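Derivation of every value follows stated rules applied to the coordinates shown; laboratory data play no part. Nothing here was measured: the structure is a model prediction, and the numbers come from that model. Note that we place each Cβ from the backbone using ideal geometry, even for glycine, and neighbour counts take in every protein chain shown.
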Amino acid sequence: MHIPDGFVDGKTAVAAGVLSTIGLGVAVRRVRREISPRRMPLLGLAAAFLFAAQLVNFPVAGGTSGHLLGSVLVAALLGPSAAVVVVATVLIVQCLLFADGGLSALGSNLFDMGILSTAGGYLVYRTLVRRLRGLRGQIAAIAFAGWFSVVLASVGCAGQLAWSGTVALTTGLPVMAALHMLIGLGEGLISALVFLAIHRVRPELTAALPSAGPGKAAASTWEYGLCAALGIALFVAPMASPWPDGLARVASRLGFADKAAAPLVPAVAAHYHLPGVHSATIATALAGGLGTIIVFVLALVLGRILVPTPPATRDSSC
């Protein structure tokens, strides 16, 4: 659902950029209060996993593919503010280094996939998890909330395209929403499975409602987690579905695909292909691995800046 350059006009890009900046600013301030220094490595791990997982497009139907959005999954584990920061980190790296989403549409993508999907999806998750009991209730809540977040993000995207004059709302919204209702099924299933797997290993991270308590992020957790994320990027991403994603399919179907413009700023590894590497499989794997490490480090550094380790705890184990 990454909007490329050319799909949204200037006023839409500016408005979405302002709203996204405000939302990200609020998230950053809240992260300072909600995340303890011991949990900071989990911020980097979430960003690394999300980046790697988004490389893996899964086939849906009719020659269309989708990929994990992940905002609700991260919000359920670390809280909605941390999820917005994590998604923003991933989107910025995808845009600047890999031309995945246009620079002029960065605010639009952050609003749709980071703020709107996180806020709406987490609200649904929080509402359901208060009413559904036990682990099964949590799994059902995160599956439905994940599905809902994808559909909500597609509605936001359709609205921005309509406001830009790219495609009429009455035309674009039904097609976008219907297609992403199918993609959202994959989102819900993957989110539920990942959440369950994390619960088996670190049940304290899957409390029904994340708290601001100190928590404990064992070093082995993020080390193993980072290795797993790199494994996805290196070995699974090159085998992802080559079919166009939901937005690209809608653009082709409704006849506005030619509005996509060349990236405003040339990317180092556009479309996840490293220069000088002739094998597409190897290039995708290397680019994915590089991006995974970059987003992990950026999210970790940002977390350390936002929540510096108190002097009394710097020598304690993470």
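A few notes on this one:
- Exposed loop sites were defined as trypsin sites (Lys or Arg not before Pro) in DSSP loop states (anything but H, G, I, E or B) carrying at most 14 other C-beta atoms within 10 Å; in the chain the longest segment without such a site runs 1-129.
- Cα pair distances exceeding 29 angstrom across segment 10-313, given as percent: 31
- Selected from A251, A141, A53 as most flexible by GNM, with the chain as the system and alpha-carbon contacts under 10 Å: A251
- Cα-based helix-to-principal-axis angle, 219-231 vs the chain, degrees rounded to 10: 20
- Distant-in-sequence amide H partners of G66 (H built 1.01 Å from N, under 5 Å): F58, V60
- Estimated dipole of segment 10-313 in Debye, rounded to 20 [Cβ of Lys and Arg +1, of Asp and Glu -1, Cα centre]: 960
- With 5 Å bins from 0: P(r) over segment 1-127, alpha-carbon pairs, percent: 2, 11, 20, 23, 21, 14, 7, 2, 0, 0
- Nearest-ten-degree value, helix 280-306 long axis tilted from longest Cα axis of the chain: 50
- Computed per residue of the chain from DSSP H runs no shorter than four, each worth -39500 (n - 2.57), the mean residue ellipticity at 222 nm is -21000 deg cm²/dmol.
- The chain - percent relative contact order, Cα under 8 Å, separation 6 or more: 33
- Taking Y224, Y125 and counting other C-beta atoms within 10 Å, the order from fewest to most: Y224, Y125
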